[in-house]
Amino acid sequence: MLYVLIAIAIVVVAILVGVGLLVGRGRRTTRLDEDAASGTTLTRPRPPQAPPSGATAPGLGVPPEVAEQAQPDTVQPEAAPEVELPPAAPEPSVVFETPPPSAGRLVRLRSRLARSQSSLGRGLLTVLGREKLTEEDWEEVEETLLSADVGVAATQQIVDRLRTQSMVLATASGEQLRELLVRELTAVLGPDLDRSLAVGRHEGKPGILLVVGVNGAGKTTTVGKIARVLVGDGKSVVLGAADTFRAAAADQLETWGERVGVRTVRGREGGDPASVAFEAVRTGTEGEVDTVVIDTAGRLHTKTGLMDELGKVKRVVEKLAPVSETLLVLDATTGQNGVVQARVFTEAVAVTGVVLTKLDGTAKGGIVVSVQRELGIPVKLIGLGEGPDDLAPFEPEAFAEALVGGADADRGAA
């Protein structure tokens with residue numbers, strides 16, 4: 001009896017082992033390392049075997065004719081009718097623009113400037129054209145110049161020079177008076193000042209252009225327009241969106257860059273502006289571009305902490321390359337207050353040039369004279385409108401002619 005029980009146990013064990021082997025051959029189990037601690041087991045299915053050559057019936061592994069004989073009652077699906085789809089709409093893409101070169105821009109825009117500024121010229125020509133100039137007439141000339149924000153010192157210089165030629169003015173024609181006034185205004189605009197932009201490569205590094213200014217002066221827009229000026233002159237550019245505090249400032253600058261095929265380096269909103277500026281310079285250096293233009297956050301000139309931060313941006317950037325140009329953006333409509341702003345900014349960073357925006361539609365063009373005489377900083381660029389190419393290099397004689405206006409003000413305008 002004992003032998004019979006042992007034999008039955010052996011048979012049962014053999015059956016269980018055989019079943020386990022058959023089941024194990026049907027799958028392959030792998031435990032991933034990250035799931036081992038929790039005991040999770042994932043099963044990876046065995047890769048499908050390719051059907052033998054010539055077998056096209058899915059999952060059968062036999063030729064089609066054999067499959068038809070083996071399953072005579074199988075219903076073959078009808079071929080799906082062809083459907084004509086409408087042509088796919090093209091994906092939206094950025095349309096690259098080719099900006100015009102900067103040379104002669106102010107001449108082409110002179111008529112626009114003359115239409116908004118010629119009240120100054122008309123007032124002066126009306127007084128100077130009188131047969132005999134009295135003391136009241138000269139006071140009117142002074143008031144006209146001061147109302148245009150020419151400044152007290154420059155106004156006195158212009159009036160003194162005109163007084164010395166009062167005998168000539170009494171018999172001069174309208175065109176002669178206009179030429180005389182243009183000549184005197186050009187003289188106080190500083191025709192000998194260096195207004196070139198230091199934006200070219202130097203010693204294997206790109207030119208670094210830092211743009212600063214108060215809130216609302218049109219700084220980010222000006223940076224985008226500067227990029228267009230540089231691209232129009234054949235330079236390669238990288239933009240740095242270091243204004244991380246104003247919402248959508250980086251988006252705005254990136255849009256300007258995309259239009260002319262310029263790369264924009266940006267960071268997260270509220271991030272460190274100095275790190276964004278540093279990365280922009282690093283990108284420009286590695287890409288061997290000509291110029292890196294950095295847009296900084298607008299700041300009140302009365303806030304000491306913000307002005308100190310501006311100095312930090314400059315110091316961080318200069319770990320890679322020296323800042324070759326620092327442009328201060330001023331709103332021309334602010335008048336003499338713009339001179340106060342400029343003075344504070346020059347104490348925080350070494351401002352090398354001024355960009356005057358919003359000169360369209362205002363008779364405050366004399367601010368050019370005030371900034372240059374009181375700060376010794378040349379105005380290098382002026383904005384004459386909202387158009388993308390309304391930023392022009394400053395040319396004293398063309399600007400003076402536009403201020404005076406007259407029949408020849410539109411001469412050379414495109």
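The values are calculated or read from the model by the stated rules, or taken from the named source; none is laboratory data. From a predicted model like this one, the values you see are computed outputs, not experimental measurements. In this analysis, Cβ positions are derived from the backbone assuming ideal geometry, glycine residues included, and neighbour counts consider all displayed protein chains. Areas reflect the complete protein model, heavy atoms only, side chains present, ligands, DNA and RNA absent. Shrake-Rupley method; radii C 1.70, N 1.55, O 1.52, S 1.80 Å.
List of remarks:
- None of Gly190, Gly200, Gly174, Gly204 is more than 42 Å from the chain's Cα centre (by Cα) and open to solvent by 10 Å² or more (accessible area, probe 1.4 Å) except Gly174.
- Taking segment 146-191 as the range and being hydrophobic (A, V, I, L, M, F, W, C), over 20 Å from Ala398 (Cα atoms) and part of a loop (DSSP other than H, G, I, E, B) as the test, only Ala172 passes.
- Among (1) under 11 Å from the mean Cα position of the chain (by Cα); (2) open to solvent by 10 Å² or more (accessible area, probe 1.4 Å) - the single one Leu239 does not satisfy: (2)
- Residue match in segment 269-284 (condition: modelled with pLDDT under 95, buried (at least 18 other Cβ atoms within 10 Å of the Cβ), under 11 Å from the mean Cα position of the chain (by Cα) and not in a loop (DSSP other than H, G, I, E, B)): no
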